[in-house]
Amino acid sequence: MTLRALLERDSPLVHLRLSAVAGSAPREVGAEMVVSGHAQAGTIGGGQMEFRAVARAREMLAIGTAQDSLTLALGPDIGQCCGGRVTVMLSVLTPDARAALLARLESAQAPTVMILGAGHVGRALAQVLAPLPCRVVLVDNRAEELAQAPASADHRLTPMAEAEIDHAPPGTAFVVTTHDHGLDFLLTLAALKRGDAAYVGLIGSATKRARFTRFAQDHNTDASALTCPIGAAGLGDKRPEVIALMAAQEIFAAFARATKGTP
């Protein structure tokens, strides 16, 4: 269950937040989750630590405690190999606190992944990205291909994919996987020309990358930021599902670098 869905339910909830971390721990200060009597969303690190924290939260709901804290030495207390120490703050959500948490979720901007081309790889990537914290936009001019794509993606049926690139938010990850090499080049060029993409990936091979680099040079565009081939294709595995899985890893690594301000 998603955090939003749980918050929108009319049931008592406990908010759990890591308020202190010393040494090695599965999550950082500020990691949070919400627990009800029969459901939970989010994570503070999993394992025995989270199991005990969730049990404490449900005990609070059962006996009517409003606030509590739990400090655990991960190695000595519960046998986790991390070996650090964490403190979890637990609070029953008041109506105002629940509304504030919902408002924070609404204001948070998930990064956008724009997949240009809804063929086998594009659909597989949309499927892999579906449960991840990002907004997926799938663009194609073929209605029959979009119809096979996951409903969780934002489908854009259009003959003008360049316009979708132009209107994408800053920091978007662009993945070009169309059925036409000429169109691939035009769309990849448009994504690179923006200069603010978190990631630009092109389906293909080392040969295709070399040809695109010459094409980009002819159009006064630097192609050094391009990822091509994407995902596992560079390792010789061309199965769409494997390429999609490894491309998703590349994309989220790029989002992390952008957040930290590293190239």
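The values are calculated or read from the model by the stated rules, or taken from the named source; none is laboratory data. Just so it is clear, the structure is predicted and the values come from calculations on it, not from any experiment. Here the Cβ is made from the backbone with ideal geometry for all residues, glycine too, and neighbour counts use every protein chain on show. Areas reflect the complete protein model, heavy atoms only, side chains present, ligands, DNA and RNA absent. Shrake-Rupley method; radii C 1.70, N 1.55, O 1.52, S 1.80 Å.
So that you can scan it fast, the table gives a plain yes or no per residue for (1) modelled with pLDDT of 95 or more; (2) of a type in the set (G, A, S); (3) under 24 Å from P133 (Cα atoms); (4) in contact with a Lys or Arg (Cβ under 7 Å, 6 or more places away or on another chain):
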residue	(1), (2), (3), (4)
V175	yes, no, yes, no
D180	no, no, no, no
L189	yes, no, no, no
T227	yes, no, yes, no
Of the residues in the range 31-57, those that are farther than 19 Å from L132 by Cα and surrounded by fewer than 17 Cβ atoms within 10 Å (Cβ to Cβ) come to G37, H38, A39, G47, Q48, F51, R52, A55
**Asked** Out of curiosity, is L245 open to solvent by 40 Å² or more (accessible area, probe 1.4 Å), in a helix (DSSP H, G or I), closer than 19 Å to V121 by Cβ and in the same structural domain as Q127 (by the TED database)?
**Response** yes
For strands (runs of 3 or more DSSP E) lying entirely in the range 75-171, having 2 or more residues that are surrounded by fewer than 21 Cβ atoms within 10 Å (Cβ to Cβ) picks out 85-92, 135-140, 154-157
Out of (1) under 20 Å from G171 (Cα atoms); (2) open to solvent by less than 30 Å² (accessible area, probe 1.4 Å), the one A225 does not meet is (2)
Of those in the range 1-30 that are free of Cβ contacts under 8 Å to residues at least 24 places away in the same chain and among the acidic types (D, E), the residue least open to solvent (accessible area, probe 1.4 Å) is E28
